[in-house]
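Comments concern the structure below.
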Amino acid sequence: MNLVLLFISAALINNVLLSRFLGECPFLGISKSKDSAIGMGLAVIFVITLSGAITWFLNELLVFLGLEYLQTIVFILIIAVLVQFVELFLKKTSPSLYEALGIYLPLITTNCAILGMSLLNIRENYNFIEALINSFGSGCGFALALIIFSAIREKMQLNDVPKAFEGTALALVTVGLLSLAFMGFSGLV
Amino acid sequence: MKQHLKTGLILAVFMLASGLLVSIVYNLVSPYLEEGDIANTLKAIEEVLKDPTSGSLIISNVPKDKKTLDEAIWKENPDGILYTSSKGAKVYSPSYMFKEDGKEIYVLTVSGLGFGGEVKSIISLIKESNELKLNKIELLDYSQETPGLGSKIGEENVKSRFFNIPQTGLTSGIRVDKDARVNIPTEALDSYKEQGIVKTSDVMTGATITARAVADSINAAVEFLNQEGVLKAELKEVLPEPIEPQEEVDWNVILQAIIRILIDSKTGEYLVSNIPTNVRDLESSIWKENPDGVLYTSSKGAKVYSPSYKFTEDSKEIYILNIAGSRGFGGEVKSLVSFVKENDALKLNKIEVLDYSQETPGLGSKIGEEKVKERFYSIPLPGLISGIKVDKDAGVSVPAEALDSYKEQGIVKTSDVMTGATITARAVADSINAAVEFLKQEGVIY
Amino acid sequence: MADIKNFTNGLIKNNPTFVQVLGICPTLATTTSAKNALGMGLATLFALLLSNIVISLIRKIVPENVRIPIYIVVIASFVTVIDLLMHGFLPELWESLGIFIPLIVVNCIIMGRAEAFASKNGVVDSIFDALGNGLGFTGALFLVGSVRELIGNGSILGINVWGNTFKIPLLILAPGAFLTLGMLLAMFNTIGNAKKNQKKKAGAKK
């Protein structure tokens, strides 16, 4: 039951994009079309869960060695390597999946949601299962917000907006309203 | 090849250099890190030793370093935890006590479960002429709370809502109001505090969970002080608001149910010769009762209601308990359960579910069917002791002969007869566990 | 005076936040108060300055194919150093900025400046570039933080301005971050557009 709550809280209430402010750059960059939003969303779910699991074990190792202060350096390198590895692996084993997600993978290294969730898992003292659920939930939340937003943005492109708001400014205001809507979930848990 | 080697070497050199740099800085900074933590604690303790209205210190010799602080230690525990409440709020070791002018000042480190993790705070309680009051509270760690929402708990105007709570408020259990953003006149705050109600909604909108965590942690502190004999008071159960009205009890239904569970689950014969035939007969068999209506509450919120009954026949003792398990949502699942104690061995005989009206029809409501109920029948002592659990595998049919060996382990299989209603079955299991814990507490089993 | 141009370029003309729209995560997350915003801005400024210096110094010995991992290592170690120092000496600020200090590592501004400027230019130019961009970022954060704190809480840097008389707490909440940044962006767009128009007019007159 607690794990279900954790998932809901990670995906909806503490949505990485709309309430934790992680991963905004790819969010604003990639959300112009729904198809690429879906691709990016799936890629993030995949990588964030994988890196959540790996960094959890890695942290156990660092704690064991008494080197917790190297956390940031080790995590970011591992994530960079992991993304490369996933890219190669997909290319070899599943070309169709690679085609769908491939171009988004390199962008993920600089997605702070990945590193952010890895660090948060450690800071909140989650056990392995909780860390996994939390990461997966956050990934799902990211994908959800991204896809909803891209759908809104596709519609918005046809609208006539004041010149000053063209581009990112309007996008930010829209996300603000979306975030306001997501705040309604906060009574859930 | 050579080129690769060179590249690899350069990469390795950079890694080493950066690792070295970071470790040097870490070793230089680490004493400050620890000192910072102690300094934070000392600062927080000094803060809570101030009078909230005047702002002046209530004791003359405030500890300024770790040594003088250690001298004020009151209770400690190598585990690091002195008390855990039923809501998961904790009192951490060590706790401190200061004495001055007939006043005893207790300083406790407490935590409650907040939004993203623990909300830790230091609180001071003053005991003066046998009256305890909460003096001040200082938040230590609330970094996991939502910035701008839950994190507001650290702000003075929010914290101060928890200051100066008198004993009447503390013993009735602190709870946080839920009304959203109503402006509350300041003079009303004190009278709310006397009832144990802390109003935060106007200063901290939408962050009930964080405020509730703080309330839980204060309650844990009061429960701990009561346990240690500092406060000799009857603590009230913190009731979720609004308090649900007690339903009328239909004694006939209960009597019928009791008669049914007095039948031996194996042989089908009555366990006792003088079966109660009316309510008065029942009254003469009352074993334990409590004017509050509740005999025992387990950590999972399952309850043993008053009264409980005991029948004696030959060498057998038969206990009948009124139990209820919390469903999480949709209220309670109430049942009557009978235990038979013979030759020091206790077993669960039968269970009769009384109120499952709030369960989902066709799903949870199946708990009333005989073939589901009988899965809980005849659970032997080893199963009871290990705690009853309900399995989760969906809809697998379980061979009848395996059911008994599962019962030995305390596992009750219901998934094949009651698919998709684990919560209801678990509520029943929780309530049985509460009954076993209650019997253990009363010395019926060891 | 190429040096000064490098400085002002990052500070105003190509302001990382308002013009390039980079480093949005910390801009949104740490601007709940002007103080937090300032702390975050300065932490980023130092990380940017140190990494720009080192990357510019080592630009000739770093092999092309592993430059990204090396940059990451350099940036990550400086960020860790800043993280440790803040934990030791500014524990309160460190606590309230939370994971956003280690996340400076993935701030696109730092990696962007390393890749686009420090790896191609000398140390002095890189320092000016870092100062310009860092201060530009800090200034932007401070502006967003001040607006949010002023309208959301009636104060700036904890100093009461108009107190309780006018408050929209929504601005301190998550949606407020997006709304404030969106509005400020629109404002700077208007100013930018007006300047462009002026230049056009001036050009037309000539």
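At-a-glance table
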{"quantity": "Lysine pairs with alpha-carbon atoms under 21 Å apart, chain C, spacing 8 or more or separate chains", "calculated": "17"}
{"quantity": "Cα centroid separation - the range A:1-50 against the range B:1-37, whole Å", "calculated": "33 Å"}
{"quantity": "Antiparallel %, DSSP beta bridges [both residues in the protein assembly as shown], to 5", "calculated": "95 percent"}
{"quantity": "Neighbour-limited loop hits for trypsin sites (Lys or Arg not before Pro), the range C:98-182 (at most 15 other Cβ within 10 Å; DSSP other than H, G, I, E, B)", "calculated": "C:Lys120"}
{"quantity": "Point-charge dipole on Cβ atoms (K/R +1, D/E -1) for chain A, about Cα centre, debye to 20", "calculated": "260 debye"}
{"quantity": "Kyte-Doolittle at least 1.0, axis length at least 20 Å by Cα - qualifying DSSP helices, chain C", "calculated": "C:34-57, C:67-89"}
{"quantity": "In the range A:20-182, lysine pairs closer than 22 Å at Cα, eight or more apart or cross-chain", "calculated": "4"}
{"quantity": "Nitroxide proxy distance, nm - points 7 Å out along Cα→Cβ at B:Ile38 and B:Trp287", "calculated": "5.5 nm"}
{"quantity": "The range C:2-190, dipole about Cα centre (Lys/Arg Cβ +1, Asp/Glu Cβ -1), debye to the nearest 20", "calculated": "280 debye"}
{"quantity": "Most mobile of A:Ala151, A:Ala164, A:Ala53 in a GNM of chain A (Cα contacts under 10 Å)", "calculated": "A:Ala164"}
{"quantity": "Mean Cα-pair separation over length for chain C, i.e. relative contact order, pairs under 8 Å, 6 or more apart, %", "calculated": "33 percent"}
{"quantity": "Farthest toward positive dipole pole in the range B:1-71 [+1 Lys/Arg, -1 Asp/Glu at C-beta], among B:Met15, B:Ser30, B:Gly55", "calculated": "B:Met15"}
{"quantity": "Rounded, prolate or oblate (a/c below 1.5 giving rounded, otherwise prolate when a/b exceeds b/c) for the range B:407-446 by Cα gyration tensor", "calculated": "oblate"}
{"quantity": "Selected from C:Leu50, C:Ile104, C:Asn133, residue furthest toward positive end of dipole (the range C:2-190; charges at beta carbon)", "calculated": "C:Asn133"}
{"quantity": "Ranked list, fewest to most other Cβ atoms within 10 Å of each Cβ, for A:Glu24, B:Glu374", "calculated": "B:Glu374, A:Glu24"}
{"quantity": "FRET efficiency, 1/(1 + (r/R0)^6) with R0 51 Å, evaluated for C:Val161 and C:Lys200 via beta carbons", "calculated": "0.85"}
{"quantity": "Using alpha-carbon coordinates, inclination of helix A:168-183 to the longest axis of chain A, degrees", "calculated": "70 degrees"}
{"quantity": "Gaussian network model of chain C, Cα within-10 Å springs - most flexible of C:Gly122, C:Gly88, C:Gly39", "calculated": "C:Gly88"}
{"quantity": "Candidates A:Ser94, A:Ser33, A:Ser179, ranked by Gaussian network fluctuation over chain A, Cα under 10 Å, top entry", "calculated": "A:Ser94"}
{"quantity": "Flagged links, alpha-carbon separation over 25 Å, of B:Lys350/B:Lys407; B:Lys366/B:Lys407; B:Lys43/B:Lys90; B:Lys316/B:Lys350; B:Lys133/B:Lys232", "calculated": "none"}
{"quantity": "Entries in B:Lys66/B:Lys199; B:Lys127/B:Lys159; B:Lys66/B:Lys87 that, when Cα-Cα distance is taken, lie over 28 Å", "calculated": "B:Lys66/B:Lys199; B:Lys66/B:Lys87"}
{"quantity": "Rounded Å value of the spacing that divides the Cα centres of the range C:1-52 and the range A:83-130", "calculated": "28 Å"}
{"quantity": "Whole-angstrom gap from the range B:207-223 to the range B:255-274, using each part's C-alpha centre", "calculated": "45 Å"}
{"quantity": "Net dipole in debye of the range B:251-441 [+1 Lys, Arg Cβ; -1 Asp, Glu Cβ; about Cα centre; nearest 20]", "calculated": "400 debye"}
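All of the numbers you see were taken from the coordinates with simple rules; none came from a lab. Remember, predicted model here, so these are calculated numbers, not experimental data. Note that we place each Cβ from the backbone using ideal geometry, even for glycine, and neighbour counts take in every protein chain shown.
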